[in-house]
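Written out below as structure tokens is the structure these notes cover.
The values are calculated or read from the model by the stated rules, or taken from the named source; none is laboratory data. Predicted model, so just to flag it, every value in this text is computed and none were measured. Here the Cβ positions follow ideal geometry from the backbone for every residue, glycine too, while neighbour counts run over all protein chains shown.
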Amino acid sequence: MFGSPIGVEAALNIFKKDSSFTTVNQKAKLFYQINRRHRFYFGVDNTQSNNLLTDNPMLSINNYNSNFLSTRYEYEHRNNKKQLFQIKTLAQLEFGFGNREVLNNKNQQTKLFLNTHHIFFLNAKNSVFLRANASLLNSEIISKMNSLDLVASIPSEGLQKTASPLPSTPY
């Protein structure tokens, strides 16, 4: 911002599902750029979801509002050459805490987010792109329900891991 290492990041995302519900997500963050590769962010996230079908009692869509304070570390290594893929390495780690209000019940929540990718250049025309995304949302109400065996019939000891010889992909 005006030649200083301090900057602003803001985002607005509006999602409408048919005529069922709308979700509005607003983010505002200040960042401090240590050098050209390292940044620290601090800001707020607000998400509000509204049921648009109030006349249909068969649907159980509840309005909710969530507010988070979050902090993020970002590492970004850019290519020196002007290529198609300018960011060679990106690593983002974000932590946030806040609350979510549903039907006048407030629940404490903690979230953790990891986004990383790296491009391995094999030669002038070939490269390999690796990416990893992970998210964790820890909620007070989910923890209480899980201890009572009410969340999708998950037993208190949790889910059992199964080994798979092939990695699963969304494609």
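Structure summary
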quantity	calculated
Where a residue in segment 1-19 is of a type in the set (Ser, Thr, Tyr) and its partner, wherever it lies, is surrounded by 10 or more Cβ atoms within 10 Å (Cβ to Cβ) and at pLDDT below 90, with Cβ under 9 Å and at least six apart	19/52; 19/53
Failed item in (1) modelled with pLDDT under 95; (2) surrounded by 15 or more Cβ atoms within 10 Å (Cβ to Cβ); (3) under 15 Å from the mean Cα position of the chain (by Cα), with residue 93 passing the rest	(1)
Which listed residue, of 62, 56, 46, is at pLDDT 85 or above and more than 26 Å from residue 34 (Cβ to Cβ)	46
Residue, surrounded by the most Cβ atoms within 10 Å (Cβ to Cβ), within segment 4-14, restricted to residues that are part of a strand (DSSP E or B) and more than 16 Å from the chain's Cα centre (by Cα)	7
Filtered residues of segment 15-33 (kept if in a strand (DSSP E or B) and more than 18 Å from the chain's Cα centre (by Cα))	16, 17, 21, 22, 32, 33
Candidate set from segment 20-45 (those that are polar (S, T, N, Q) and in contact (Cβ under 8 Å) with a residue 24 or more places away in the chain); member that is surrounded by the fewest Cβ atoms within 10 Å (Cβ to Cβ)	20
The one condition in (1) modelled with pLDDT of 90 or more; (2) surrounded by 14 or more Cβ atoms within 10 Å (Cβ to Cβ) that residue 133 fails to fulfil	(2)
